[in-house]
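Written out below as structure tokens is the structure these notes cover.
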Amino acid sequence: MRIARLTAIAAVAVLSLGVAACGGDDGDDSGSTGGGTEGKSFAAGSTMERLNKAQKIIVGTKFDQPGFGLKGLDGKPAGFDVEIAKIIADELGVPEGNIEYIETPSAVREEKIEKGEADIVVATYTINDKRKERIDFAGPYYVAGQNILVKADDSSITGPDSFKAGDKKVCSVQGSTPAANIEKSLANKAEQLVLFDVYTKCIDALNSGQVNAVTTDNVILLGFIARNEGKFKLAGENFTEEPYGIGVKKGDTAFRTFINDTLEKAYSDGRYEKAWKDTAGKFDDQVPTGPAVNRY
């Protein structure tokens, strides 16, 4: 009987070792799937390891953009950018409740990353070479297009060329790609271009007649149209392509690679589609195809 018991104990020990071996580190420093900390393994000293151990991530996003990042009555932002951030946090093993969101208007996005005040910035953040001089980008995860918002009864503006006469004012935000783009179509920048820190102030200016139009990316404008039924419309077609990326610290190649891997995974497992349908998809029901990430 004693021999039988010893044999059974040995068998259990061997089985336990086998299970542990199956569930151990597979050597993939990009991390494993699913939420929580179990099964997560990251390279020592990496940003991924730091965030996983801290069980917290600080995300810079917009607080004023319906469908992408809009601060609700509960004090938390909601939108497609926010959902993308949640997917990244999940892959890091950081619980959703441990994500801290800070507002990052266009003009301060690089600064927040450089100072370490945000671990990532997911904020309708167009990838361009000038910004890449200061920070790095993962993605893109979405490609928008710039458009123009006008009052519903305004037929005098049909596109950027409508500003060349110099008699109409357009609003955008400081430090944004749309502001830089629309300058090319203005006869007098000083007189025609009105800049604020957030787009809600542009909407207020359009409502009050201080400006004739607001310009930014199409999906953001569609959100304002949906929230102000019957008051606004788009004037013409999109006239640029704006690839949205996720900002990280300059030189953090491992973290950028991890986020790119996470995006590609979300494209294929349904999380990306769900994130769109739950947020910006309420304004634009055409689910985007996840664009190819740029592993520069």
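Observations, loosely collected:
- Flag if residue 116 is on the phi > 0 side of the Ramachandran plot and surrounded by fewer than 21 Cβ atoms within 10 Å (Cβ to Cβ): yes
- Selection within the range 51-82 - in contact with a Leu (Cβ under 9 Å, 6 or more places away or on another chain), closer than 19 Å to residue 260 by Cβ and either part of a strand (DSSP E or B) or not assigned by TED's automatic domain parsing to the domain that holds residue 270 (or both): 57
- Unmet criterion (only one of (1) within 28 Å of residue 279 (Cβ to Cβ); (2) surrounded by fewer than 20 Cβ atoms within 10 Å (Cβ to Cβ); (3) among the hydrophobic types (A, V, I, L, M, F, W, C)) for residue 190: (1)
- Any chance residue 225 is in contact (Cβ under 8 Å) with a residue 12 or more places away in the chain, closer than 24 Å to residue 131 by Cβ and of a type in the set (A, V, I, L, M, F, W, C): no
- Checking each residue in the range 119-136 for being on the phi < 0 side of the Ramachandran plot and of a type outside the set (D, E, K, R) picks out 120, 121, 122, 123, 125, 126, 127, 128, 135.
- Counted residues, the range 58-70 - those being surrounded by fewer than 24 Cβ atoms within 10 Å (Cβ to Cβ) and farther than 18 Å from residue 107 by Cβ: 2
- The residue list 251, 247, 290 contains one member that is at pLDDT 95 or above and out of contact with any Phe, Trp or Tyr (no Cβ under 8 Å at 6 or more places or on another chain), which is 251.
- Residue match in the range 174-182 (condition: surrounded by fewer than 17 Cβ atoms within 10 Å (Cβ to Cβ) and either out of contact with any Cys (no Cβ under 6 Å at 6 or more places or on another chain) or over 22 Å from residue 276 (Cα atoms) (or both)): yes
- Tally of residues being over 18 Å from residue 64 (Cα atoms) and assigned to a helix (DSSP H, G or I) across the range 201-236: 1
- Hits in the range 237-256 (condition: part of a helix (DSSP H, G or I) and surrounded by fewer than 16 Cβ atoms within 10 Å (Cβ to Cβ)): 253
- Taking the range 83-190 as the region of interest, the helices (runs of 4 or more DSSP H) fully inside it that hold 2 or more residues being touching a strand residue (DSSP E or B) at 6+ places or on another chain (Cβ under 6 Å) and under 25 Å from residue 71 (Cβ atoms) are 109-114, 177-183.
- Set 166, 139: member being of a type outside the set (Asp, Glu), in contact (Cβ under 8 Å) with a residue 40 or more places away in the chain and on the phi > 0 side of the Ramachandran plot: 139
- Any hit, the range 126-143, residues being of a type in the set (S, T, N, Q) and assigned by TED's automatic domain parsing to the domain that holds residue 71: yes
- Hits in the range 42-55 (condition: surrounded by fewer than 17 Cβ atoms within 10 Å (Cβ to Cβ) and either within 20 Å of the chain's Cα centre (by Cα) or not charged (D, E, K, R) (or both)): 43, 44, 45, 54, 55
The values are calculated or read from the model by the stated rules, or taken from the named source; none is laboratory data. Keep in mind the model is a prediction, meaning the values are calculated, not measured. Neighbour counts run over all protein chains shown; Cβ positions are idealised from the backbone, glycine included.
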